[in-house]
Every structure is written in structure tokens, then in C-alpha cells.
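One structure below.
The values are calculated or read from the model by the stated rules, or taken from the named source; none is laboratory data. Since this is a predicted model, take the numbers as computed values, not measurements. Because the Cβ atoms are built from the backbone with ideal geometry, glycine has one as well, and the counts that use them run over all protein chains shown. For the accessible areas, the whole protein counts, side chains as well, though only heavy atoms, and no ligand, DNA or RNA atoms are used. Shrake-Rupley method; radii C 1.70, N 1.55, O 1.52, S 1.80 Å.
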Amino acid sequence: MNEAELNSLLLESFPEIKNDFDDYVSWQDAMDTGCFLTFEDLLLPVARRALKAGDSNMLERIGAFTETLMGSGDEYTVNVATVAILEGLKAEGDPRVRSHLGAISLAEYDGLTH
């Protein structure tokens, strides 16, 4: 997948971040803005808020989204998911994250060192 496809998938999966996304990419390359920082800067704060609030529904959505990316078979997409999402979640140090990840994501998450 390319940047525009990944950013579209992000917005399709999390329409509630559309305004933040539009602001974020307005001074960059619009839908072609790099996904590593975009996902890290926009999706990780959502995950942090969900962890703080105990929002299992949002955590499940993030886990399902991550699993979709990890299972894509596309090297770039897997790298984005690993670096921009899983590494950030691992850095949070909250053990509840594990229960919301799919098998592929969990195996990668458990292999990360922080």
C-alpha cells in the first residue's frame, strides 16, 4: 500500500479523527503525507486516551486495525504498523494492550524490546 491508501484506511477505520487528520496534513502532502508519523501522531493519542478511560471498544478497534495492517503481506504496511503503532503501544507499558491485539500483532508486540 502507498501513503494515500494507508491514510484512507486510517480515516475509514477512525472517522472521528478526520478533523485532526485534515489539520495535520494541511501543511504537508495531504493524503500522501507519510504514514509513520501520521499514524503515530494521530492514532497513538487515541489509544492513550482509550487506555486511560478503559475504553475497550476503541482498543478493540485499534487492535483490529493493527491486525489488518500486520496481516496485509505488504512489507511497507507491516513496517508502518510495527513502528508507528505497536512500538508506541509497547512504550506505553500498559499490559492491557496485549488483550486487544490479534495473533500476528501480538507476536510482533511481544518480540519488541523497550
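Taking first residues from segment 54-70 that are over 12 Å from LEU86 (Cα atoms) and partners that are open to solvent by 20 Å² or more (accessible area, probe 1.4 Å) and at pLDDT 95 or above, the Cβ contacts under 6 Å between residues at least 6 apart in sequence or on separate chains come to LEU59/HIS100; GLU60/HIS100. Taking the conditions exactly as written (within 26 Å of GLY111 (Cβ to Cβ) and surrounded by 15 or more Cβ atoms within 10 Å (Cβ to Cβ)), does LEU11 satisfy them or not? Judged against the criteria, LEU11 is not a match.
If I ask for residues that are among the acidic types (Asp, Glu), free of Cβ contacts under 8 Å to residues at least 24 places away in the same chain and either buried (at least 16 other Cβ atoms within 10 Å of the Cβ) or at positive phi (or both), which ones from segment 89-114 would you list? I'd like the intermediate steps shown before the answer.
First, pick out the residues of segment 89-114 that are among the acidic types (Asp, Glu): 92, 94, 108, 110.
Restricting the remaining residues to those that are free of Cβ contacts under 8 Å to residues at least 24 places away in the same chain gives 110.
Passing the criteria: none in range.
Given the criteria under 25 Å from GLY93 (Cβ atoms), touching a helix residue (DSSP H, G or I) at 6+ places or on another chain (Cβ under 6 Å) and of a type in the set (A, V, I, L, M, F, W, C), does ALA4 qualify? It is false that ALA4 is under 25 Å from GLY93 (Cβ atoms), touching a helix residue (DSSP H, G or I) at 6+ places or on another chain (Cβ under 6 Å) and of a type in the set (A, V, I, L, M, F, W, C).
I'd like to verify a number: residues in segment 66-88 that are part of a helix (DSSP H, G or I) and open to solvent by 10 Å² or more (accessible area, probe 1.4 Å), how many? First the steps, then the outcome.
From segment 66-88, those part of a helix (DSSP H, G or I) are 66-70, 75-88; that's our starting set.
Among the residues that remain, those that are also open to solvent by 10 Å² or more (accessible area, probe 1.4 Å) are: 67-68, 70, 75-76, 78-79, 82-83, 87-88.
Number satisfying all stated conditions: 11.
Please enumerate the residues belonging to segment 25-50 that are open to solvent by 40 Å² or more (accessible area, probe 1.4 Å) and touching a residue at least 12 places away in the same chain (Cβ under 8 Å). Explain how you work it out, then say what you get.
Residues of segment 25-50 that are open to solvent by 40 Å² or more (accessible area, probe 1.4 Å), as a first pass: 26-32, 36-37, 40-41, 48-49.
Across segment 25-50, the qualifying residues are ASP29, MET31, ASP32, PHE36, LEU37, GLU40, ASP41, ARG48.
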